[in-house]
Structures are given as structure tokens and as C-alpha cells.
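Have a look at the structure below before the remarks.
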Amino acid sequence: MRDHGDIVIVGGGVIGLTIARALALRGVRDVCLVERGRLGTEASWAAAGMLLPQVEADAADEFFNLACQSRDLYPAFAAALREETGIDVELDTTGTLYLALTEHDHEEIEKRYEWQTQAGLAVERLSGAEARQLEPCISDATLGALRFPKDIQVENRRLLSALANSVTKLGVDIATQTTVDSITIEGIRVSGVQTSRGAISCPKVVIAAGTWSSFIKSAPLPAIEPIRGQMICLEAKPQLTRHVIYSPRGYIVPRQDGRLLAGSTSEHAGFAKCVTAGGITTILRNALDISPAIADLPVVDTWAGLRPRAADGLPVIGPCGEIDGLFCATGHYRNGILLAPLTGELISKAIVSSQR
Ligand SMILES: Cc1cc2nc3c(=O)[nH]c(=O)nc-3n(C[C@H](O)[C@H](O)[C@H](O)COP(=O)(O)OP(=O)(O)OC[C@H]3O[C@@H](n4cnc5c(N)ncnc54)[C@H](O)[C@@H]3O)c2cc1C
């Protein structure tokens with residue numbers, strides 16, 4: 001492993017990989033990405049790949065605007081990755097249906113429709129019958145639905161493969177099976193990192209270690225906690241739905257190869273990354289409420305991942321505290337796949353402008 005570099009990125013999930021690629025594309029040389037295990041095998045691998053800023057938004061706040069901005073970067077991001085690597089990340093632009101299955105859901109979707117149409121956002125209101133005509137698999141109990149044509153999905157595991165392939169081609173140095181234990185600070189400046197395989201001296205460090213970010217010693221970060229999410233994978237051949245279908249309690253996501261993902265839970269369970277009987281029961285109940293047809297599908301896989309969450313639920317992106325040369329990109333919670341392209345742009349821009 002090298003012992004010096006210009007920039008060390010800690011963490012090889014979607015966030016660390018996207019930042020590494022963005023830096024390399026801006027012409028920054030000597031970027032080293034350090035990953036504790038294998039690239040892209042934690043939260044970014046466990047995710048559903050939904051890019052849905054509008055579906056759950058109650059107002060056009062700053063977070064909403066950033067999330068929409070990042071979603072809208074995806075078509076060019078996916079096309080560029082395909083060009084660079086030959087890997088199709090299966091960006092599916094069919095859109096998302098948000099179902100109202102109870103009177104309370106119906107009131108909520110009415111409010112969402114009102115503010116989003118007034119804000120000039122793309123959203124369509126459907127009756128229960130119209131929604132069923134569009135996706136015949138949905139429950140007869142559907143009272144109405146919103147269709148969000150711009151809220152789309154990406155195959156996040158293919159995205160991780162494409163990013164890993166891209167950064168390798170762009171010359172990023174990758175050290176896997178290597179844990180960054182601490183940041184070395186001299187005065188108010190970063191001077192390197194201490195890893196399980198020795199020290200690397202460098203003037204800039206980016207912490208993109210997901211839910212483990214707070215364990216890195218000497219990094220003045222807000223606390224990041226793990227929120228467990230469990231997932232079930234069913235097999236639907238032919239596919240049950242073309243849209244991502246969402247309800248206030250769960251979702252189903254169709255993949256091109258016949259997998260149908262059903263999610264998820266949101267649990268404070270520490271770092272126990274396991275699938276539980278209770279979790280599976282909840283996910284299946286909510287998925288069956290969306291589409292009773294799921295009852296006949298085989299379950300082919302289950303897994304769990306840990307979403308990185310800061311106390312206010314918002315991502316922590318940018319220069320880190322008072323330490324020169326230290327940058328953070330963590331706390332992406334439920335939206336790390338969605339926010340990856342924008343995070344890559346923001347961090348690489350901040351680093352390049354700090355070098356001028
Ligand atoms: C079930 C589930 C469904 C989700 N669905 C969606 C969705 O539909 N859309 C969406 O946008 N988001 C979704 N998310 C959230 C999304 O997965 C996360 O926000 C995102 O993956 C965070 O990316 P990351 O790179 O920060 O973290 P991770 O992918 O967890 O990567 C962090 C990496 O850092 C490494 N690391 C940690 N500590 C160290 C260290 N000290 N030294 C070296 N390496 C270290 C880890 O090994 C890991 O590889 C979902 C999450 C879950 C769990």
C-alpha cells in the first residue's frame with residue numbers, strides 16, 4: 001500500500017466511489033480510496049435504488065431542492081458511466097405510483113398534489129380505477145394515487161460495479177481490506193491517516209464511511225447512528241409492475257431481470273445487520289396491501305443494511321469543522337443513492353477550489 005497521496009477518501013460505498021470519480025474527472029491525480037472490506041457491500045448494496053425526492057416531500061425546502069437537483073443529474077450520470085465502463089446501470093424512467101390505501105393516506109396525497117402542482121412540479125392525480133388501469137396488480141382497496149413521472153429508479157448494485165470500474169480506469173488507487181483508524185492532525189491541518197496497514201500522509205481527507213464515520217478517531221464529526229433497513233426479494237416473471245409502487249408504509253420495486261424488491265423497515269437496532277422474523281412479517285404485510293398478487297411469488301432472497309443517520313436526519317456534506325483539509329460526506333440516511341451524483345459534485349468542487 002502507498003504511504004503518501006494528495007487525497008485519501010475513507011469508505012468505498014456509493015458516496016466514496018462517486019467522490020473519487022468526480023475528483024478524477026476534474027483532473028485531480030493521486031487520489032487514494034481506502035475501504036475496510038470490499039467495495040460497495042454495505043448500505044449502498046442493500047438499498048432499493050429509488051430516486052424519489054417528490055414522493056414523500058411536504059415542502060420545497062433546501063433538502064428537497066438538492067434532492068431534485070441530484071435526481072436530475074442521473075440521466076447524464078448513467079450515460080457517462082455506460083460510456084466509460086460499458087455497464088448499464090438500468091436507470092428506469094417509468095416513474096413512481098404513490099397509493100392511498102386508507103382515508104388518511106388519501107388526505108395526505110391530496111395535500112401533496114396541491115402543493116406540488118402549485119410549485120409547478122410534475123405530478124398526476126389518479127382515481128383508484130385509473131391507477132388500477134395503469135398497474136393492474138395493485139389492490140382493489142386503492143382509493144386514489146399520485147403518479148410522479150420524474151421520480152425514477154436505478155439498479156444500485158450495477159451502479160456500484162460501474163463506479164468501481166470507472167474509478168479503476170481513471171487511475172484512483174484503491175486499498176481494500178484496510179481500515180482507517182484515525183485522522184492525523186498537525187495544528188489545525190490534516191497531515192494524513194493511520195490505517196490498519198500503516199500510515200498514509202496526505203493534506204486532504206474525505207470521510208465517506210457511512211454509518212461507521214463516527215468511529216474514526218480525531219475526526220470532529222456529528223454523531224452518525226445506524227438505522228437498520230431489511231429487504232425481501234421476490235421473483236416475478238413476467239414482472240408484476242412497471243412503476244415503482246409506494247405507499248406510506250412500504251414499497252415494491254421491479255427490476256429488469258424479474259426480481260421484485262419489497263421494503264423496508266426503519267429500526268434502531270445498533271450494528272446488528274440481520275434479517276428478523278418481525279421485519280419480514282412487516283414488509284410482507286405492507287407489500288401485500290399494495291398488491292395481493294405478491295402472495296403467489298417465490299421469496300428468493302432477504303438482506304439488511306445500515307442507513308447512516310445524523311441527529312437531524314440531514315446529510316453532512318462539506319468541509320469538516322475547523323480542520324483544514326478535512327471534508328465529510330456522510331449521514332445520507334435514506335437517500336444516499338439519490339444524493340450520490342450531487343455529493344460527488346459538491347465535494348470535488350470544494351476540494352478543487354480549496355487547492356487554488
Ligand atoms: C434497506 C435500505 C434501502 C435503501 N433504499 C434507498 C433508496 O431506495 N434510495 C436511496 O437513495 N437510498 C436508499 N438507502 C440509503 C442508502 O443505501 C445510503 O444512504 C447510502 O448507501 C449511503 O452510502 P455510503 O457510501 O455513505 O455508505 P455505505 O454504502 O455503508 O459505505 C460506507 C463504506 O465505508 C466503509 N468503512 C466504514 N468505516 C471505515 C473505515 N474506518 N475505514 C475504511 N472504510 C470504512 C464501509 O465498509 C462501507 O463500505 C437504503 C438503505 C437501506 C439499508
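The values are calculated or read from the model by the stated rules, or taken from the named source; none is laboratory data. All of these numbers come straight from a predicted model, not from anything done at the bench. As a convention, Cβ positions derive from the backbone with ideal geometry for all residues, glycine included, and neighbour counts pool all protein chains shown. Ligands, DNA and RNA are stripped out before the accessible areas are found, and what is left, the full protein with its side chains, is counted by its heavy atoms. Shrake-Rupley method; radii C 1.70, N 1.55, O 1.52, S 1.80 Å.
Can you classify segment 160-207 as rounded, prolate or oblate using the Cα gyration tensor, where a ≥ b ≥ c are the square roots of its eigenvalues, rounded means a/c under 1.5, and otherwise it's prolate if a/b beats b/c and oblate if not? It is prolate, given that a/c is not under 1.5 and a/b is the larger ratio.
Measuring how big segment 90-174 is from its alpha-carbon positions, Rg and Dmax come out at 18.2, 55 Å. Ordering 44-50, 68-74, 335-341 by mean Cβ neighbour count within 10 Å, with the highest value first, yields 335-341, 44-50, 68-74.
When the P(r) is computed for segment 214-283, the part past 14 Å accounts for 66% of the Cα-Cα pairs. Cysteine residues of the chain whose Cβ has no partner cysteine Cβ closer than 4.7 Å: 32, 68, 137, 202, 233, 274. Taking every full run of DSSP H in the chain, the ones that stretch at least 15 Å from end to end by Cα along their long axis and average 1.6 or higher on the Kyte-Doolittle scale are 14-25. The tail of the calculated P(r) for the chain beyond 37 Å holds 20 percent of all Cα-Cα pairs. For segment 202-301, chymotrypsin sites (Phe, Trp or Tyr not before Pro) meeting the loop criterion (DSSP other than H, G, I, E, B) and having at most 11 other Cβ atoms within 10 Å: 271. The convex hull drawn around the Cα atoms of segment 244-307, when projected onto a plane and averaged over every direction, covers 4.7 nm².
Out of all DSSP beta bridges in the chain, what portion is antiparallel? Express it as a percent rounded to 5. Given both bridge residues lie in the chain, the antiparallel proportion sits at roughly 70 percent. With a/c under 1.5 counting as rounded, go ahead and sort segment 2-66 into rounded, prolate or oblate using the C-alpha gyration tensor (a ≥ b ≥ c being the square roots of the eigenvalues; past the cut-off, prolate if a/b is larger than b/c, else oblate). Oblate shape, in that a/c is at least 1.5 and b/c is the bigger or equal ratio. Build a GNM of the chain with springs between Cα atoms under 10 Å apart, and of 24, 295, 287 the one that fluctuates most is 295. Estimated at the nearest 10 Å², the accessible area of residue 41 is 50 Å² with a 1.4 Å probe. Put simply, the amide H of residue 240, placed in the peptide plane, has no neighbours under 5 Å, leaving out anything fewer than 5 places away on its chain.
So if a site counts as exposed when it's one of the GluC sites (Glu not before Pro), its DSSP state isn't H, G, I, E or B, and it has at most 16 other Cβ atoms within 10 Å, what's the longest stretch of the chain without one? The segment 57-321 is the longest one with no such site.
Under 20 Å Cα to Cα from residue 111, which lysines show up? Leave out anything in the same chain fewer than 8 places away. Reachable lysines: 150. Listed by chain and number, the lysines placed with their C-alpha closer than 22 angstrom to that of residue 349 are 169, 204; residues fewer than eight positions away on the same chain are left out. Which aspartates and glutamates, on any chain, are close to residue 273 with Cα under 19 Å apart, when same-chain ones fewer than 8 places away are left out? Candidates past the 8-residue exclusion: 35, 42, 225, 301.
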